[in-house]
Amino acid sequence: MLKPIRFFPDDTNFRFIRLRTVSYALSGALSILSLVLYLALGLNYGIDFRGGTLIEIQTKSAEADLAALRSTLGGLQLGSFEIQEFGAPNDVLIRIGQQEGGEEAQQQVIAKVRGALGDSVEYRRVEVVGPKVSAELVQTGTIAVIVAILAVLIYIWFRFEWQFAIGAIAATIHDVVLTLGIFSLLQLEFNLSIIAAILTIVGYSLNDTVVVYDRHRENLRRYKRMPLEELLDKSINQTLSRTVMTSVTTLIALFSLYIFGGEVIRGFTFAMIWGVLVGTYSSIFIASPLLLVLGVKRDWSRVTAGASV
């Protein structure tokens, strides 16, 4: 019979909780730095948030040559633009950033693109996204992230106790803030796909935290006299192989997408890679030690059968 793969032996006994002072200081400093970078540099909003022109085309060839299209549009000096294939192999969506000069400048962009591409393509849709629509997208994306975090708070509160809810929400906010910070620092394009990535990060971080928390709760009922710091370390070590294996397998897939997936999804995959790393870190070094600080209670009225220590 094949034995399950383990990254760490069963008797692993790392003292994670002892490092809580260091992890709190590190996370606090990085969170403050992220907020400072966000306020000082802001985010490099993409076309979805800044507004611009959307042109949907269908090439007359069986498959669109995206490299040739990028080369052709790049010579028009239109500023930032995105080209992506969707649907059929010859369906292409072109996004061109907001131009200075109002509506007239946007119409000139459309004319330039039509002149450059000529009769080699069929135009399926042409839209101009104005600043008002872009502002609404920013607001809607922000609300989506806030609602997701509040839903996490309510879910954890009902499933566990309020101490667990606060720990999980602190870890989740930590992950979101650091993601915004790295995007501000590197000035990577921030578009709707990054909002989707942040929501996915929230879900991933929550899942990782709940797995560890579930073992904390189980051991709180089983080991009645074990010191809380030792018990939390024991729970983290018991779930460490699962946590690391999940993170590693996810990262392998994400790095493959980042390297071979092309420019269109590179920002999304970068956000996901960063989110998996900080989400794994926060589940161990933020969410769990906070239970010790908040004084999680031991509910002996629901003790399950198990050894006493």
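Nothing in this text is a laboratory measurement; each read-out follows from the coordinates by a stated rule. In this text the structure is predicted, and so the values were computed from the model without any measurement. Here the Cβ positions follow ideal geometry from the backbone for every residue, glycine too, while neighbour counts run over all protein chains shown.
Are there any helices in the chain, counted as whole DSSP H runs, that stretch 20 Å or more along their axis by Cα and score at least 0.5 on average by Kyte-Doolittle, and if so which?
20-41, 131-159, 162-186, 228-260, 266-282
Chymotrypsin sites (Phe, Trp or Tyr not before Pro) within segment 179-260: which are DSSP loop residues with at most 10 other Cβ atoms inside 10 Å?
Here no chymotrypsin sites (Phe, Trp or Tyr not before Pro) fit, given the DSSP loop and packing criteria.
In terms of the Cα gyration tensor, with a ≥ b ≥ c the square roots of its eigenvalues, is segment 52-129 rounded because a/c is under 1.5, prolate because a/b exceeds b/c, or oblate?
Prolate, since a/c reaches 1.5 and a/b exceeds b/c.
Given the Cα-Cα distance of Arg225 and Ser120 and 0.36 nm per residue of separation, how much length would full extension add, in nm?
My answer for the length gained is 30.1 nm.
Taking every Cα atom in segment 164-290, find the radius of gyration and the maximum pairwise distance Dmax, and write them in Å.
16.1, 55
Taking the Cα centre of the chain as the origin, how large is its charge dipole in debye, to the nearest 20, when only Lys and Arg (+1) and Asp and Glu (-1) carry charge on their Cβ atoms?
In debye, rounded to 20, the chain gives about 1620.
For segment 52-129, what is the charge dipole size about the Cα centre, in debye to the nearest 20, if Lys and Arg each add +1 at the Cβ and Asp and Glu each add -1 at the Cβ?
On the way: 7 positive and 12 negative charges, 21 e Å.
So the dipole magnitude of segment 52-129 works out to roughly 100 debye.
Using the Cβ atoms and a cut-off under 13 Å, what net charge is assigned to the surroundings of Phe270, where Lys and Arg are +1 and Asp and Glu are -1?
Computed value for this residue: -1.
Along the charge dipole of the chain, pointing to its positive end and built from +1/-1 on Cβ of Lys, Arg, Asp and Glu, which listed residue (His216, Val276, Leu76) has its Cα farthest out?
Result: His216.
Take the Cα radius of gyration of the chain and divide it by 2.2 N^0.38 Å, with N its residue count; two decimals is plenty. Please list the in-between numbers first.
Numbers: Rg = 24.4 Å, N = 309, 2.2 N^0.38 = 19.4 Å.
In units of the globular-protein estimate, the chain measures up at 1.26.
Give the long-range amide H neighbours of Val126: residues separated by 5 or more places, or on another chain, with amide H under 5 Å away, using H modelled in the peptide plane at 1.01 Å from N.
Residues meeting the criterion, in which the H sits 1.01 Å from N, are Glu56.
Which whole-number percent gives the relative contact order of segment 52-129, counting Cα pairs below 8 Å spaced six or more residues apart?
Relative contact order of segment 52-129: 50 percent.
Once the Cα atoms of segment 130-191 are picked out, what are the Rg and Dmax in Å?
Rg, Dmax (Cα atoms, Å): 14.7, 46.
In the chain, what is the count of Lys pairs whose alpha carbons are under 28 Å apart, counting only pairs at least 8 residues apart or on separate chains?
Numbers: Lys3/Lys234; Lys60/Lys112; Lys112/Lys132; Lys224/Lys234; Lys224/Lys297; Lys234/Lys297.
Lysine pairs meeting the criterion: 6.
Would you mind telling me which residue in Ser27, Ser256, Ser235 has the biggest mean-square fluctuation in a Gaussian network model of the chain, where springs connect alpha carbons within a distance under 10 angstrom?
Ser256
Can you list the trypsin sites (Lys or Arg not before Pro) in segment 213-251 that are in a DSSP coil and have 15 or fewer other beta carbons within 10 angstrom?
Answer in residue order: Lys224, Arg225.
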